[in-house]
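As structure tokens, the structure follows; a few thoughts come after it.
The values are calculated or read from the model by the stated rules, or taken from the named source; none is laboratory data. None of the values given here were measured: they were computed from a predicted structure. Cβ placement follows ideal geometry from the backbone for every residue including glycine, while neighbour counts extend to all protein chains displayed. All accessible areas refer to the heavy atoms of the entire protein, side chains included, with ligands and DNA or RNA removed. Shrake-Rupley method; radii C 1.70, N 1.55, O 1.52, S 1.80 Å.
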Amino acid sequence: MVDEKGKNMKCLTFFLMLPETVKNRSKKSSKKGNSSSSSSSSKLPPVCYEIITLKTKKKKKMAADIFPRKKPANTNNTTAVQQYHQQNLNNNNTIPAPNWQGLYPTIRERNAVMFNNDLMADVHFVVGPPGGTQRLPGHKYVLAVGSSVFHAMFYGELAEDKDEIRIPDVEPAAFLAMLKYIYCDEIDLAADTVLATLYAAKKYIVPHLARACVNFLETSLSAKNACVLLSQSCLFEEPDLTQRCWEVIDAQAELALKSEGFCDIDFQTLESILRRETLNAKEIVVFEAALNWAEVECQRQELTATIENKRKVLGKALYLIRIPTMALDDFANGAAQSGILTLNETNDIFLWYTAAKKPELQFVSKPRKGLVPQRCHRFQSCAYRSNQWRYRGRCDSIQFAVDKRVFIAGFGLYGSSCGSAEYSAKIELKRQGVILGQNLSKYFSDGSSNTFPVWFEYPVQIEPDTFYTASVILDGNELSYFGQEGMTEVQCGKVTVQFQCSSDSTNGTGVQGGQIPELIFYA
């Protein structure tokens, strides 16, 4: 193994025996080994040099542990199993009893006793970077059965008979998680080590553990960590995770761009986000996020965070920000006074806003397309007859569930049935009593039976197969339209929405009739 340290990343090279030559997946080729190895190469099958590069960054917590440990089969073995778990995690190799094999009815459980246990160990790993290493025991046969890389390492034609193997690029906790899966057939993932565990699973080709890591990350994905996970998913070549990251970044762009994790991404990921046509964010937010990234990048490159250095680290990515598409107030009070633009650029952009003959700009001047919201209408008709809908500050509420992950952007509401009127609306979205989003805003009703959109500040991520509660408290004209002939299930594009009555509703709204006729969402 070769450990090469760069300024911002580490490169790891490990060797596998393959039946035929495979093209190196990395742009960089590994150097040849010692002379003794090269002299015998003509007699050996071709060697594939697999290179995986992992950027070393500050760890980010991304989820709670969703994979609980498996419970023992019966209560009689509970104490013994707990003892070996604690003993192995602490590398305390005292066997509970002389006939410990009799405590475990299956070969899997007996094999699990060897996890992180010096008993019969025939190899040791020194895992972690210098100054933070941990010495872990291993059993070649068990490791070779669990990983083709370990098989090649211990039993392949280029196997080296070493009693101790140094692995400086893998964190000890992640290596232990991988060993636990190989020995115990248990997946034990933690939020702050799951990325490092995925790296270890990829390096040693343990595909089922790698898949579990990706599932963990997909489940814990949110606007706060989507940008970091986007960067890592590209590195690990996980297209499904990459697509999920883009879905979150597009729909909750402003939250993602304002997150701490956005400043931790690499330059290539920054460019891909700034180029994104479907980014659902104001351009001033994109601009401010890029400046925040530039300031942190200056620190990473040990540069003073001056205007000049910020522009230097941004490079051509600065022109991917669509500054001419900002609202004039945003440009005048924000970008124009930031100092990041040259005087000529500032003048040209002001002329772009005001002059009939517009100057040529290096900046992209076409607005982003963003996302088109979908509307799920749950009523087949509406009415306003003598029993017009009244409010008096009471709550209208409905429960709903979807079969695919979506992002609720707001609700469509009815308005006045007796002429134009202005309403104040407090909208709220809850899951099991926990408020996920709320907003207080006003909307104008023109007296028609149309619905009028009321938006949350940021779209709210909605998980499938779980009921959420949508509520609104209206203040305004007492008489309004209301929906009737409500449906319990509505197909909206590729998303199926189910409705049921809510106990929070104190104004009569339910499945069959009432307010909140529309859910507005991105999918």
Subject >> Inverse of mean 1/r across different Cα pairs in the stretch 215-304, Kirkwood, Å >> reply: 13.1 Å
Original post:
Cα-based Rg (one decimal) and Dmax (whole number) for the stretch 82-220, in Å?
Top reply: 14.9, 45
**OP:** Could you tell me what fraction of 2.2 N^0.38 Å the Cα radius of gyration of the stretch 374-522 comes to, as a two-decimal ratio?
**Re:** 0.95
**OP:** Could you list, in their original order, any pairs among 224/282; 180/258; 162/202; 258/366; 202/369 whose Cα atoms are separated by more than 26 Å?
**Re:** 180/258; 202/369
**OP:** Report in % the part of the accessible area of the stretch 374-522 that belongs to carbon and sulfur, leaving out ligands and nucleic acids; probe 1.4 Å.
**Re:** 46 percent
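Mind putting a number on the dipole of the stretch 237-354 about its Cα centre? Charges go on the C-beta only, +1 for Lys and Arg and -1 for Asp and Glu, and I need it in Debye to the nearest 20.
340 debye
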**OP:** With an 8 Å cut-off on Cα pairs and a minimum separation of 6 or more residues, tell me the relative contact order of the stretch 343-456 in percent.
**Re:** 21 percent
Original post:
What percent does the relative contact order of the stretch 82-220 come to when contacts are Cα pairs within less than 8 Å and at least six residues apart?
Top reply: 20 percent
Original post:
In nm, to one decimal, how far is the modelled label at residue 498 from the one at residue 158, with both set 7 Å along Cα→Cβ?
Top reply: 5.5 nm
**OP:** Taking only protein heavy atoms into account and a 1.4 Å probe, give the accessible area per residue of the stretch 82-220 in Å².
**Re:** 43 Å²
Original post:
Taking the Cβ-Cβ separation of residue 441 and residue 99 as r and a Förster radius of 45 Å, what is the calculated FRET efficiency to the nearest 0.05?
Top reply: 0.05
**OP:** Order these peptides, 403-415, 121-133, 274-286, by their mean beta-carbon neighbour count within 10 angstrom, highest first.
**Re:** 403-415, 274-286, 121-133
**OP:** Note the full-extension length gain between residue 506 and residue 403 as 0.36 nm times their separation in residues minus their Cα-Cα distance, in nm to one decimal.
**Re:** 34.3 nm
**OP:** Excluding residue 294 itself, calculate the net charge of residues whose Cβ lies under 9 Å from the Cβ of residue 294, where each Lys or Arg counts +1 and each Asp or Glu counts -1.
**Re:** +1
Original post:
On average, how much accessible surface per residue is there in the stretch 245-320, in Å², for a 1.4 Å probe, leaving out ligands, DNA and RNA?
Top reply: 42 Å²
**OP:** With a probe of 1.4 Å, find how much accessible area the stretch 439-523 has per residue, and write the answer as a whole number in Å².
**Re:** 44 Å²
Original post:
Where the only charges are on Cβ atoms (+1 Lys, Arg; -1 Asp, Glu), what is the dipole of the stretch 253-313 about its Cα centre, to the nearest 20 debye?
Top reply: 140 debye
Original post:
Leaving out ligands, DNA and RNA, what percent of the accessible area of the stretch 82-220 is carbon and sulfur, probe 1.4 Å?
Top reply: 53 percent
Original post:
Carbon and sulfur: what percent of the stretch 224-281's accessible surface (1.4 Å probe)?
Top reply: 48 percent
**OP:** Compute the relative contact order of the stretch 389-512 as a whole-number percentage, counting only Cα pairs closer than 8 Å that sit 6 or more residues apart in sequence.
**Re:** 42 percent
Subject >> Neighbourhood charge, 15 Å Cβ-Cβ cut-off, centred on residue 464 and excluding it, Lys, Arg +1 and Asp, Glu -1 >> reply: -1
Original post:
Taking the alpha-carbon set of the stretch 237-354, what are its Rg and Dmax in Å?
Top reply: 14.6, 46
**OP:** Pop a pseudo-label 7 angstrom from the Cα along the beta-carbon direction at both residue 165 and residue 135 and give the gap in nm to one decimal.
**Re:** 1.8 nm
Subject >> Distant alpha-carbon pairs in the stretch 167-221 (separation over 14 angstrom), percent >> reply: 43 percent
Original post:
Between residue 475 and residue 304, what length comes free when the chain is fully extended (0.36 nm per residue of separation minus the Cα-Cα distance, one decimal in nm)?
Top reply: 56.3 nm
